[in-house]
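Everything below concerns the one structure shown next.
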Amino acid sequence: MAAKAENPEAKLQQAVGREIEIRLMQDFMNKQNNLVTCAKWEDNLIKKDAKAKSERVKAKAMDDAQNSKISNKSTRKERLNALYVEEEIMYEDELNMQGLSFRRDRY
């Protein structure tokens, strides 16, 4: 039995063919990994933007509530002072109608 003579050129071509195939598969995997990375980044960016927007809206609502609270407090204080002044004037008028005096100390 004689050994079959192998063509060294054919082996080289097969090896080169396998290397090219492996290189193409590696390139495809790298592209797929890049696409997955970009998709994850975009998904995280959308979540991050939504969270930041939600926090901005929440902070604005808190700020508006605080401003409203301050405004309401000052308005109530002004109205209460006006009521006190009005009642004091009414009381003074009632005393004057009865011929009594009213002591007024204003600062």
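The values are calculated or read from the model by the stated rules, or taken from the named source; none is laboratory data. Given the structure is predicted, the values throughout are model-derived calculations rather than measurements. Note that we place each Cβ from the backbone using ideal geometry, even for glycine, and neighbour counts take in every protein chain shown.
Which residue is modelled with the lowest pLDDT, if the candidates are limited to region 82-102 and must be part of a loop (DSSP other than H, G, I, E, B) and on the phi < 0 side of the Ramachandran plot?
Residue satisfying both the conditions and the ranking: Phe102.
Hey, any hits in region 66-74 for a residue that's surrounded by 10 or more Cβ atoms within 10 Å (Cβ to Cβ) and under 21 Å from the mean Cα position of the chain (by Cα)?
Within region 66-74 (the criterion being surrounded by 10 or more Cβ atoms within 10 Å (Cβ to Cβ) and under 21 Å from the mean Cα position of the chain (by Cα)), the answer is yes, since at least one residue qualifies.
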